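Chemist: One structure is given below, represented as structure tokens, and several questions about it will come after.
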Amino acid sequence: MNELAARTGGIAERLKSSKQTIAVAESSTGGLLSAALLAVPGASVYFLGGAVIYTASSRTALMGFTDADLKGIRSSSEPYALLLARRIREKHGATWGLGETGAAGPSGNRYGDAPGHTCIAIAGPVERAITLETGSAGREANMWAFTRAALELLEAAVRES
């Protein structure tokens, strides 16, 4: 966690100094994104909440998605990651929403994505979505790689805003 906490420290300082907040909806990172953001002392100033959206039932219960919200969008895609980011931001009244969805491994997902596939999105003053393919089936290594990529995306967006 030390490596992530070091990266998150700069993000935290920018969020605090600009009085901005964040909420996180993550899937294949399994809570690592939230943990990294919460590892910085004073996180309660900028971190409003997070959820691990790992199943269809959690999508409904925690995010309130309806069939209409998801029409034409599949999980583990950039549009879905952006939908997660926008909804978690809205639900928490945050400046930023961060969404992540993917297949950590050791196998792929039911949508045909290989292990090591994730889509990450940021919603706020800047919106952007990316796809990362690690080419690895290593579950834990992928979870850490996905978390690093999400923090890099967040850091770039916060700097740009």
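The values are calculated or read from the model by the stated rules, or taken from the named source; none is laboratory data. Since the model is a prediction, treat every value here as computed from it, not as a measurement. All Cβ positions, glycine included, derive from the backbone under ideal geometry; neighbour counts span all protein chains shown. The protein model used for the area step is the full one, side chains on, heavy atoms only, and it has no ligands, DNA or RNA in it. Shrake-Rupley method; radii C 1.70, N 1.55, O 1.52, S 1.80 Å.
Chemist: Where does the chain land at 222 nm, in deg cm²/dmol rounded to the nearest 500, when only DSSP H runs of n ≥ 4 count, each adding -39500 (n - 2.57), divided by all residues?
Modeler: Numbers: 5 runs with 68 residues, N = 161.
The helix contribution divided over the chain gives -13500 deg cm²/dmol.
Chemist: May I ask you to give the average projected area over all directions of the convex hull of the Cα atoms of the stretch 14-110, in nm² rounded to one decimal?
Modeler: One quarter of the hull surface, i.e. the mean projection, equals 6.6 nm².
Chemist: Continuing with this model, one more query. How big is the stretch 61-102 by the Kirkwood estimate over distinct Cα pairs, in Å?
Modeler: For the stretch 61-102, inverting the mean 1/r across all distinct Cα pairs yields 10.5 Å.
Chemist: Still on this model: Any idea how far the Cα center of the stretch 30-51 sits from the one of the stretch 84-161, in Å?
Modeler: Here the two parts' Cα centres lie 15 Å apart.
Chemist: Let me have the relative contact order for the chain, percent, based on Cα pairs under 8 Å that are six or more residues apart.
Modeler: With pairs under 8 Å counted, the relative contact order is 23 percent.
Chemist: Now, a different point. Return one whole number: the accessible area per residue of the chain in Å², for a 1.4 Å probe.
Modeler: 44 Å²
Chemist: With r defined as the distance between the Cβ atoms of SER18 and ASP67 and R0 fixed at 35 Å, what FRET efficiency is calculated, to the nearest 0.05?
Modeler: 0.40
Chemist: Something else now. Using only protein heavy atoms and a 1.4 Å probe, report how much of ILE11 is accessible, in Å² to the nearest 10.
Modeler: Accessible surface of ILE11 is approximately 0 Å².
Chemist: Farthest toward the dipole's positive end in the chain, which of ALA129, SER57, GLY108, given Cβ charges of +1 (Lys, Arg) and -1 (Asp, Glu) about the Cα centre?
Modeler: Farthest towards the positive pole: SER57.
Chemist: Next question, about the same structure. State the answer as a single residue: which of GLY10, HIS92, ALA149 lies farthest towards the positive end of the charge dipole of the chain, with beta carbon charges of +1 for Lys and Arg and -1 for Asp and Glu, about the Cα centre.
Modeler: HIS92
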